[in-house]
1. Measure up Lys138/Lys178; Lys98/Lys224; Lys98/Lys178 against 18 Å on the Cα-Cα distance and list the ones that go over.
2. Show the residues, 5+ positions off or on another chain, whose built amide H is closer than 5 Å to the amide H of Ile85.
3. Could you compute the net charge surrounding Ala199? Neighbours are other residues with a C-beta less than 12 Å from the C-beta of Ala199; K and R count +1, D and E count -1.
4. Sort 124-135, 182-193 by packing, meaning the average of other beta carbons within 10 Å per residue, with the highest value first.
5. May I ask you to evaluate 6.51 cos²θ - 1.76 cosθ + 1.60, the Karplus curve with θ = phi - 60°, for each residue of region 158-168 and list the ³J(HN,Hα) values in order in whole Hz, giving x for glycine and proline?
6. Ranking request for peptides 58-71, 92-105: highest mean number of other beta-carbon atoms within 10 Å first, then the rest in descending order.
7. Quick check: the distance between the Cα centres of region 102-146 and region 150-224, to the nearest angstrom?
8. Per 0.36 nm of contour for each residue apart, how much would the distance between Ile205 and Ile170 grow if the chain were fully extended, relative to their Cα-Cα spacing?
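Bear in mind these aren't lab numbers, they're just calculated from the coordinates by the rules spelled out. The shown structure was predicted, so the numbers you read here are calculated from the model rather than taken from an experiment. Cβ coordinates were reconstructed from backbone atoms using ideal geometry, including for glycine residues, and neighbour counts include every protein chain displayed.
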Amino acid sequence: MNDNFQDASLQNRLASFAFFLYTTLRVISLLTTQWTAAANILERDDFMETQTGYVHIYCGNGKGKTTTGMGLCARAAGYGYRVLIYQFMKNNSTNERKILSQVHNITFVDGLEQEKFSFQMTPEEKASRKTYYEEQFKLVTKKAEDEGFDLLFLDELIYTIRAGLFDENILLDYLSSKPAHLEIILTGQNPSDQLIAKADYVSEICKVKHPFDQGLPARKGIEK
């Protein structure tokens, strides 16, 4: 009788131990799966948060191309990225420049103090401007590389190309050889197919209505 009792007791203890062991291993397996999943999510998020180097184009006939580009610059600076901005065919007193230049990790490169539309230029002025803008491009891109900027905004460069004041091949070549981490923003109407092919983001801002059509000129603080 005692032997049977002892055998049953031993079997119960072994069964309990086996169940405990199974449960422990199951919990460990589930935790390992969850830890692996969490590690993968953290690795992915870290990659996404530090992955830069894409090219943005904001184009179209609607208002807001420069505005959108400046907004992205503000967001990038808020995250901690270092931002470099050059505005083609604009002077050094734009209102967006006045406020964003106060942000410590946003830097503007000066252009000419006096600018004019391409249709107002003589052939001699156009030739001079073309040389100037291409030299400025070299200066700005070198600064971005030498000083380790994360984002470069070349405002109105596409318009400058369309106006015949910048050789598009210079830009295309640069986009093919730029630092891998450097994010770039380009703005202006009618980018070429070759330029679109080089971009990662292309957003077209289309005019549906605009007060200019009723004769209202550009307003300070809104359009300029």
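1. Numbers: Lys138/Lys178 12 Å; Lys98/Lys224 12 Å; Lys98/Lys178 29 Å.
Result: Lys98/Lys178 exceed 18 Å.
2. Hits under the 5 Å cutoff: Thr107, Phe108, Val109, Phe153.
3. Summing Lys/Arg as +1 and Asp/Glu as -1 gives -3.
4. With the highest mean Cβ count within 10 Å placed first, the list reads 182-193, 124-135.
5. 5, 4, 4, 5, 4, 7, x, 9, 7, 7, 4
6. Highest to lowest by the protection proxy: 58-71, 92-105.
7. Cα centroid to Cα centroid, the span is 14 Å.
8. Numbers: separation 35, 0.36 × 35 = 12.60 nm, distance 2.54 nm.
That pair, Ile205 and Ile170, stretches by 10.1 nm at full extension.
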